[in-house]
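Every number here is computed from the coordinates shown, using simple stated rules; none is lab data. Computed from a predicted model, the values in this text were never measured in an experiment. No Cβ is skipped: glycine too gets one built from the backbone with ideal geometry, and neighbour counts run over all protein chains shown.
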Amino acid sequence: MAHSKCAGIDITYLNGPKRFPVSPDQVPWNVKYPEYNPVKYTAPSVAAGPVWADKKSKIEEIRFNTLDGKVNRVSHTGVYKISESGLPINPVGRTGIEEQGLLGKFGPNHAADPLVTRWKKDAEGNRVKDAEGLDVLEFVAIKRGDTGEWAIPGGMVEAGDTVSLTLRKEFGEEALNSIEADEKTKTEIEAGLIKLFANGKMVYSGYVDDPRNTDNAWMETVVMNFHDEEGTFFNKFKLKAGDDAGDVAWVAIRPGLKLYASHNDFVQKVRAMHN
Ligand code: RP5
């Protein structure tokens, strides 16, 4: 995974300072960059000390590279290094920002991404084909409130929660929350969702090129595909946006989609898996 969203020559951190310039070839730590002088930044919302955020003053108590109480501090990338000052070192390389930025945890911040797909159909119910003659797959996307980009409706794995619970919870909260349906239909949807989410296929687990990453805190995720082959589940209702998300829609997966973080890599991978 390269750094293109969380490092660059002229990138401003989300609602924060400008990142110290890092060109693509200066990302790896083993490349010499003596002038490198990253900006220290922890967002006020994180520095205020909410329950989900690590406190830098207590860094010595954190047990990195292990399951630390209920917090999973193990990285999908392997054992990460700890600096002399006791801070985890981003396993991919430089980002131009030090400390937590907008992320709660030093080291890996674990997320889960439910990639829900179906075949795109025309008004007659026939599968739509792309220029290469392949059936077009579409996925449930949300418009993120922070960057305004379309994204998979993923979320953070909360301390003590499993990845599979997070996948269903996030999909429910972000994509299905405000479906206008009577109680009976809602119960049916809930049951259908449990069935759909029982058969997931692993798409990816690892580091995410997330715009919030820093030299000491980064996003990792598990992406699972839940495919509605016959389209039976989603025929029952129309998608409407939930609380966290501004907008929700079926987005056709075509090469080169512009999506949040590494999400285009994930949807292209799922397209290849189905074709
Ligand atoms: C991305 O951030 C992950 O792939 C996941 O989609 C998302 C989780 O963060 P929040 O949506 O909870 O902010 O890196």
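Points worth noting:
- Distance between the pseudo-spin-label points of LYS70 and ASN275 (7 Å out from Cα toward the beta carbon): 4.3 nm.
- Counting only Cβ charges, +1 for Lys and Arg and -1 for Asp and Glu, the dipole size of segment 141-227 around its Cα centre is about 320 debye.
- For the pair GLU190 and LYS236, label points projected 7 Å from Cα toward Cβ lie 1.2 nm apart.
- Averaging 1/r over every pair of different alpha carbons in segment 51-128 and inverting the result gives a Kirkwood radius of 15.3 Å.
- DSSP loop trypsin sites (Lys or Arg not before Pro) with at most 13 other Cβ within 10 Å excluded, longest remaining stretch of the chain: 82-237
- Potential extension, GLU132-ALA159 segment - 0.36 nm per residue separation minus Cα distance: 5.3 nm
- Largest-first ellipsoid semi-axes for segment 185-275, taking √(5λ) over the Cα gyration tensor eigenvalues, angstrom: 26, 17, 14
- Per-pair calculated FRET efficiency, R0 = 22 Å: THR77 and LYS143 via Cβ, rounded to 0.05: 0.15
- Total charge dipole magnitude, segment 50-158, about the Cα centre, Cβ charges on Lys, Arg, Asp, Glu only, Debye to nearest 20: 220
- Counting neighbouring beta carbons within 10 Å and listing from fewest to most, the residues LEU165, LEU103 come out as LEU165, LEU103.
- The chain has equivalent-ellipsoid semi-axes of 35, 21, 16 Å, by the square roots of 5 times the alpha carbon gyration tensor eigenvalues, sorted largest first.
- From the largest down, segment 1-88 spans 38, 30, 24 angstrom on the principal axes of its Cα atoms.
- Gained length - MET202 relative to TRP29, 0.36 nm times residue gap less alpha-carbon distance: 59.3 nm
- Dipole size of the chain about its Cα centre, with +1 on Lys/Arg Cβ and -1 on Asp/Glu Cβ: approximately 320 debye, rounded to the nearest 20.
- Cross-link partners of LYS120 among aspartates and glutamates (Cα-Cα below 19 Å; sequence separation of 8 or more within a chain): ASP130, GLU132, ASP135, GLU138, ASP228, GLU229, GLU230
- Sorting VAL31, VAL116, VAL51, VAL248 by the number of Cβ atoms found within 10 Å of their own Cβ, with the fewest placed first, yields VAL51, VAL31, VAL248, VAL116.
- Unit charges at the beta carbon, dipole of the chain: most positive-side option, SER205, THR162, PRO91: PRO91
- More than 23 Å apart - percent of Cα-Cα pairs taken over segment 122-275: 39
- ³J(HN,Hα), Karplus 6.51/-1.76/1.60, whole Hz, each residue of segment 151-164, x for Gly, Pro: 7, 6, x, x, x, 6, 7, 6, 3, x, 7, 8, 5, 5
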